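Presented below is the structure to which this report refers.
The values are calculated or read from the model by the stated rules, or taken from the named source; none is laboratory data. Predicted model, so just to flag it, every value in this text is computed and none were measured. Every residue, glycine among them, receives a Cβ derived from its backbone with ideal geometry; neighbour counts consider all protein chains shown.
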Ligand SMILES: [Zn+2]
Ligand SMILES: [Zn+2]
């Protein structure tokens, strides 16, 4: 039986041999152990340091809770925030090798880390999602200016891996990011929520060649949608995207991410 991550790792052999010439076969996170392209240049020791997210966690936002707790519970933030998604889950805790890999993947264009990150996401999400009757996957969109700067949307490439594993389509025409939000790491929970709540709009963004006439956003009545992001922090971004999907008619929205940051 092949695992979801093995399916993700398969690429054309010539690409892998070319990468082998360009990059030494050493773990790109610690540089102290062998690792090749098939595993995203992440070695066995660094993989062993990955902390997968296990119960107990908040049943709505997936916030991990340390300590003994029996039965489902909802955290204080979820109790006081109107949530537009049914639940959010993450594959891992955002620290150590995962956080390092995510940062390099999106800010340093380290796309060879894709098999590693996509493998973490798919290994955790596919067993949970495959029998759920989900209709489509929506990556959290980047603003067009940021997309041009970065060259790719990390949420979209991760969504692509999940799409292959689940055999359901990725839709990038449903929600766009109208306002470029700045790096949010220095903002409080409240400030983040306000910052992103106006950032997303249903449908496609304006195109330079068709500035005035935008097609009406498609309707997705009764559809079940999986929202994908790389890291989930407060959940405010995913919540803003989920709100637009509900406006388009989605009946169920869940959120999956590679890693869960535990900002309070
Ligand atoms: Zn390593
Ligand atoms: Zn919660």
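Of the helices (runs of 4 or more DSSP H) that lie entirely inside the stretch 75-186, those containing 2 or more residues that are away from ligand 2 (no atom under 16 Å from the Cβ) span 96-107, 114-129, 144-150, 154-166. Quick check on the stretch 199-214. Is at least one of its residues in a helix (DSSP H, G or I), at pLDDT 90 or above and more than 20 Å from residue 53 (Cβ to Cβ)? Taking every residue of the stretch 199-214 in turn, none turns out to be in a helix (DSSP H, G or I), at pLDDT 90 or above and more than 20 Å from residue 53 (Cβ to Cβ). Taking the residues in the stretch 48-71 that are in contact (Cβ under 8 Å) with a residue 60 or more places away in the chain and away from ligand 2 (no atom under 16 Å from the Cβ) as candidates, determine which candidate is farthest from residue 14 (Cα to Cα). Per the criteria, the residue is 52. Among the residues of the stretch 17-35, are any modelled with pLDDT of 90 or more, under 18 Å from residue 114 (Cα atoms), outside any helix (DSSP H, G or I) and away from ligand 1 (no atom under 16 Å from the Cβ)? No, because not a single residue in the stretch 17-35 is modelled with pLDDT of 90 or more, under 18 Å from residue 114 (Cα atoms), outside any helix (DSSP H, G or I) and away from ligand 1 (no atom under 16 Å from the Cβ). For the criterion of being surrounded by fewer than 19 Cβ atoms within 10 Å (Cβ to Cβ), more than 16 Å from ligand 2 (Cβ to nearest atom) and over 27 Å from residue 191 (Cβ atoms), residue 32 passes.
Restricting attention to the stretch 54-72, the residues being assigned to a loop (DSSP other than H, G, I, E, B) and surrounded by 15 or more Cβ atoms within 10 Å (Cβ to Cβ) number 7. Please work out if residue 62 is closer than 27 Å to residue 229 by Cβ and away from ligand 1 (no atom under 16 Å from the Cβ). Answer is yes for this residue.
Being farther than 28 Å from residue 119 by Cα, touching a strand residue (DSSP E or B) at 6+ places or on another chain (Cβ under 7 Å) and modelled with pLDDT of 75 or more is true for just one of 260, 247. Which residue is that?
Going through 260, 247 in turn, just one is farther than 28 Å from residue 119 by Cα, touching a strand residue (DSSP E or B) at 6+ places or on another chain (Cβ under 7 Å) and modelled with pLDDT of 75 or more: 247.
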